[in-house]
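The values are calculated or read from the model by the stated rules, or taken from the named source; none is laboratory data. Just so we're clear, the structure is a prediction, and the values are computed from it rather than from any experiment. Cβ sites come from the backbone with ideal geometry, for glycine too, and all protein chains shown count toward neighbours. Accessible surface areas use protein heavy atoms only, side chains included; no ligands, DNA or RNA. Shrake-Rupley method; radii C 1.70, N 1.55, O 1.52, S 1.80 Å.
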Amino acid sequence: MASQPGAALRLFLLISGLRIGLLQPGRSSSLHGFSEYYAFSDSFYEQLQSSGEHQNLITENVTVVEGEVATISCRVKNNDDSVIQLLNPNRQTIYFRDFRPLKDARFQLVNFSSNELRVSLSNVSIDDEGRYFCQLYTDPPQEAYTIITVLVPPHNLVIDVQKDTYIEGEEVEMNCTVMASKPAAKIRWLKGNKELKGTNTEVEPIEDKMFRAHSQITLTALREDDGVPIVCVVDHPAVKDLQTQQYLEVNYKPVVMVQVKYPQGLTREGELLELNCIADGKPRPDRVMWQRLDDDLPEHAIISGETLLINTLNKTDNGTYRCLAFNAVGKASGDYTLFVHDPPTTLPPPTTTTTTTTTTTTPLIPDTRAGEETPLVVDHAVIGGVVAVVVFAMLCLLIILGRYFARHKGTYFTHEAKGADDAADADTAIINAEGGQNSCEEKKEYFI
């Protein structure tokens with residue numbers, strides 16, 4: 001239990017705290033007593049701080065963005081029901097236990113218990129920045145403080161450029177300015193996704209703890225930079241992804257290329273040559289011109305816009321042909337060197353072969369190596385050999401058939417005359433013929 005002097009001290013502080021809460025800035029009454037109280041309280045708080053007995057009070061610093069809500073917490077370890085009090089940077093009592101003497105409705109009680117006093121402060125402004133004191137009326141009294149830091153986001157981020165359009169090779173100067181912020185903003189530069197190094201970066205303090213930041217960048221305009229954004233990025237704890245950008249517009253002279261549209265292979269005598277002039281630039285080329293280096297264009301050359309035609313090529317057309325393109329920035333050219341080759345050689349027409357029986361035309365088959373047709377070679381000796389074999393086989397067959405029929409015919413006559421050789425006359429020969437009538441019958445059956 002606290003001693004009597006401690007209780008008397010707590011009572012005195014309670015009455016004093018109430019007096020501070022009731023005295024508002026701007027009120028004319030009791031100013032003399034107010035100054036006397038502060039003279040006393042300053043020495044008293046110095047005594048509290050020099051005592052070193054702060055181990056029971058726990059506070060945390062608060063960082064808040066302007067216009068948002070800050071929460072102040074006074075926590076106590078192992079409290080013995082001692083009184084907790086919260087004071088503002090001017091040593092005015094904001095809350096005494098759960099009572100708010102200070103007439104500022106932005107302060108609201110969030111939580112009150114024997115171990116904690118938690119208060120919220122809404123719509124924070126930069127004037128609210130400073131030390132807020134937590135007091136615990138023990139014996140001896142204890143005090144700790146929490147610091148509220150107010151962040152002011154950057155305002156009016158702008159990029160200034162000298163002009164809207166640049167010509168390739170010119171120097172580009174851009175300026176990025178952050179008008180006001182707290183703390184000072186840091187500025188970075190990007191060209192597309194590539195980070196650039198800024199020059200002449202400056203930070204200037206202005207009124208109300210605010211700062212103005214400025215950065216400059218210088219680069220050379222290139223044709224590949226046309227349409228690329230130059231980005232000013234601001235790094236600040238109060239905001240994320242704050243940036244502004246300016247697109248580069250770069251004009252450049254034409255880029256020229258000569259394209260052979262016909263022929264795709266070698267250029268030969270008697271053929272057609274067609275060349276196209278492909279030109280690009282910013283602004284678009286407004287004029288295209290063909291010329292032949294070290295000589296005039298052939299008389300049979302035809303120019304149609306960006307196209308050059310040369311009919312019936314010959315070797316006098318050899319040379320370098322140049323296409324020139326013009327725009328407001330300048331001119332550029334592209335070259336093509338012509339070399340005319342000899343015309344392709346032609347093959348004789350197909351030949352015709354005639355025989356005693358038929359007339360045949362030698363067929364043509366494709367030659368995949370040369371890309372032309374060649375005559376089919378026929379071996380006449382092979383054909384003659386086949387015919388000779390066929391004729392010989394037919395003769396052999398006729399001989400075999402003749403001998404067969406001749407042999408069977410001789411046998412018949414022999415049987416018919418058998419036994420008639422010894423007869424005196426024809427009648428006797430017939431009568432004496434072997435077999436007589438029976439033989440005749442057998443002969444009949446034989447021929448059947």
TODO: Kindly indicate which of Gly305, Gly281, Gly319 is more than 30 Å from Glu66 (Cβ to Cβ), in contact (Cβ under 8 Å) with a residue 12 or more places away in the chain and exposed (fewer than 14 other Cβ atoms within 10 Å of the Cβ).
DONE: Gly305
Open item on the list: Looking at (1) of a type outside the set (A, V, I, L, M, F, W, C); (2) touching a residue at least 12 places away in the same chain (Cβ under 8 Å); (3) in a strand (DSSP E or B), which one does Gly227 not meet, given that it meets all the others?
Closed with: (3)
Task: Sole exception among (1) open to solvent by less than 30 Å² (accessible area, probe 1.4 Å); (2) part of a strand (DSSP E or B) for Thr138, by number - done: (2)
- [ ] Scan (1) over 30 Å from Thr345 (Cα atoms); (2) over 26 Å from the mean Cα position of the chain (by Cα) for the single condition Asp225 breaks and write down its number.
- [x] (2)
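I'd like to verify a number: residues in segment 108-133 that are open to solvent by less than 60 Å² (accessible area, probe 1.4 Å) and either more than 26 Å from Pro183 (Cβ to Cβ) or not in a strand (DSSP E or B) (or both), how many?
11
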TODO: Go through (1) in a loop (DSSP other than H, G, I, E, B); (2) open to solvent by 50 Å² or more (accessible area, probe 1.4 Å) and name the single condition Gln246 misses.
DONE: (1)
TODO: State all residues of segment 141-188 that are open to solvent by less than 60 Å² (accessible area, probe 1.4 Å), among the hydroxyl-bearing types (Ser, Thr, Tyr) and touching a residue at least 40 places away in the same chain (Cβ under 8 Å); if no residue qualifies, say none.
DONE: Thr146, Thr149, Thr165, Tyr166, Ser181
